[in-house]
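Q: Okay, here's the structure, questions in a sec.
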Amino acid sequence: AEVESLSSGSEAEEEKKDDGRVGGLFKSLTKGVKNITGGAVLTEEDLEPILKKFKTELMTRNVAAEVADKLSESVRRSLVGKTTGRFTSMASTVKQALKESMETLLTPKKSIDVLRAALAAKNAGRVYTIVFLGVNGVGKSTNLAKVAYYLKHKGGLDVLICACDTFRAGAVEQLKTHSRCLDVPLFERGYGKDPADIAKNAIAHAKSNGHDVVLVDTAGRMQDNEPLMRALAKLVAINSPDLVLFVGEALVGNDAIDQVTKFNRSLVDLSADPRNPRGIDGMLLTKYDTVDDKVGAALSMVYVTGQPVVFVGTGQKYTHLRKMQAKEVVKTLLG
């Protein structure tokens with residue numbers, strides 16, 4: 001039952017939680033607003049002070065500067081020349097526009113339901129593969145283990161973990177521990193071997209041994225390290241996984257954007273087939289339980305990549321994994 005933390009509560013519940021939280025960003029934004037009610041036409045002058053403040057407030061919540069600009073601009077466009085409703089104050093008109101702009105921004109072109117996709121692959125008789133990548137120290141292995149737990153317990157799927165971090169001392173041992181605790185098999189070939197090759201063998205092994213899903217752990221690397229990025233692109237090209245998941249920290253704001261942009265660009269630039277380049281398909285944000293109202297990194301990363309946040313990690317236990325709802329992030333940001 002614990003795995004249920006993955007379905008984020010009913011709408012009614014969400015609404016209930018929100019009752020007492022009109023303070024925060026929105027309150028501070030609208031302090032200076034002339035409270036024009038009913039039938040007023042909004043002008044640039046009315047909006048300027050609010051949007052300026054809005055931008056600053058967003059940036060203190062870890063939203064990247066360019067994303068804050070883009071949001072302010074989209075709110076300005078949707079509001080200038082608009083007439084406030086008969087009984088609506090200017091404040092609530094602005095709030096509604098903010099909400100809509102953010103939700104639009106946070107709802108990427110596609111959404112990914114990993115469980116559904118993995119079950120569909122199983123029904124079609126093929127192995128579903130996810131590659132986890134990201135910089136050092138963000139919790140890739142731990143969050144890979146959470147995904148394994150989720151797919152095993154929520155979907156009844158037979159999962160195989162594949163150790164392709166052949167650089168970091170202790171990486172394979174760490175996965176062995178997870179594998180034991182989860183009672184999920186581990187495919188490993190030790191250290192110093194070619195990760196692309198190990199992944200290929202793991203997928204073949206999964207096919208012949210009836211595993212449904214292969215989760216591939218890769219070595220953490222900095223986004224500027226070209227040889228390592230090239231090795232990653234090779235692994236992706238050779239194995240064409242169903243999903244390439246970027247694992248990043250929810251807290252790091254502008255840093256995360258630099259990481260995810262460069263990872264994506266490297267993968268695309270170094271793709272084996274330039275006509276059909278393969279970048280990042282989605283993101284898993286770790287340490288999401290530590291961010292309070294500073295959920296801006298999530299907003300920024302979705303904006304920059306156009307890809308969805310598939311999961312958020314919310315603690316140390318295997319069950320601490322959730323799906324991220326755009327509405328929830330917007331509520332937290334507008335708090």
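Q: Restricting the search to the stretch 93-125, which residues are open to solvent by less than 40 Å² (accessible area, probe 1.4 Å) and among the hydroxyl-bearing types (Ser, Thr, Tyr)?
A: Residues satisfying the conditions are Thr93, Ser101.
Q: Scan the stretch 71-90 for residues that are modelled with pLDDT under 85 and open to solvent by 20 Å² or more (accessible area, probe 1.4 Å) and report the count.
A: The number of residues fulfilling the criteria is 11.
Q: Any chance the stretch 254-261 includes a residue that's in contact with a helix residue (DSSP H, G or I) (Cβ under 9 Å, 6 or more places away or on another chain), small (Gly, Ala, Ser), surrounded by 15 or more Cβ atoms within 10 Å (Cβ to Cβ) and in a loop (DSSP other than H, G, I, E, B)?
A: No.
Q: Right, next: Go through the stretch 280-335 and give me each residue that's open to solvent by 20 Å² or more (accessible area, probe 1.4 Å) and either part of a strand (DSSP E or B) or of a type in the set (Lys, Arg) (or both).
A: Lys287, Lys294, Lys317, Arg322, Lys323, Lys327, Lys331
Q: Kindly evaluate Thr177 against the criterion of being more than 25 Å from the chain's Cα centre (by Cα), polar (S, T, N, Q) and part of a loop (DSSP other than H, G, I, E, B).
A: no
Q: Can you name every residue in the stretch 206-222 that is open to solvent by less than 70 Å² (accessible area, probe 1.4 Å) and assigned to a helix (DSSP H, G or I)?
A: The one that is open to solvent by less than 70 Å² (accessible area, probe 1.4 Å) and assigned to a helix (DSSP H, G or I): Ala206.
Q: Write out, first by first residue and then by second, each pair whose Cβ atoms fall under 7 Å of each other, whose residues are 6+ apart or on separate chains, and whose first residue, in the stretch 266-283, is more than 22 Å from Ser111 (Cβ to Cβ) while the second is open to solvent by 20 Å² or more (accessible area, probe 1.4 Å) and in a helix (DSSP H, G or I).
A: Listed by first residue and then by second, the contacts come to Leu270/Arg230; Ser271/Ala237; Ala272/Ala237.
Q: Continuing with the same structure: Ser240 - would you say it is more than 26 Å from Arg275 (Cα to Cα) and of a type in the set (S, T, N, Q)?
A: no
Q: Oh, and also: Identify all residues within the stretch 126-138 that are in contact with a helix residue (DSSP H, G or I) (Cβ under 9 Å, 6 or more places away or on another chain) and either open to solvent by 20 Å² or more (accessible area, probe 1.4 Å) or aromatic (Phe, Trp, Tyr) (or both); write none if there are none.
A: Arg126, Tyr128, Phe132
Q: Can you run down the residue pairs with Cβ atoms below 7 Å, 6 or more apart or on separate chains, where the first is in the stretch 152-173 and touching a residue at least 40 places away in the same chain (Cβ under 8 Å) and the partner is assigned to a strand (DSSP E or B) and open to solvent by 30 Å² or more (accessible area, probe 1.4 Å)?
A: Final answer for the pair search is Ile161/Leu186; Ala163/Leu186.
Q: Is it true that Ala120 is free of Cβ contacts under 8 Å to residues at least 12 places away in the same chain and not basic (Lys, Arg)?
A: Spelling it out, Ala120 is indeed free of Cβ contacts under 8 Å to residues at least 12 places away in the same chain and not basic (Lys, Arg).
Q: Yes or no: the stretch 246-253 includes at least one residue that is crowded, with 18+ Cβ neighbours inside 10 Å, touching a helix residue (DSSP H, G or I) at 6+ places or on another chain (Cβ under 9 Å) and either among the charged types (D, E, K, R) or more than 20 Å from Gln307 (Cβ to Cβ) (or both).
A: yes
The values are calculated or read from the model by the stated rules, or taken from the named source; none is laboratory data. Since the structure is predicted, the reported quantities are computational estimates derived from the model, not experimental observations. All Cβ positions, glycine included, derive from the backbone under ideal geometry; neighbour counts span all protein chains shown. Heavy atoms of the whole protein, side chains included, go into the accessibility calculation; ligands, DNA and RNA do not. Shrake-Rupley method; radii C 1.70, N 1.55, O 1.52, S 1.80 Å.
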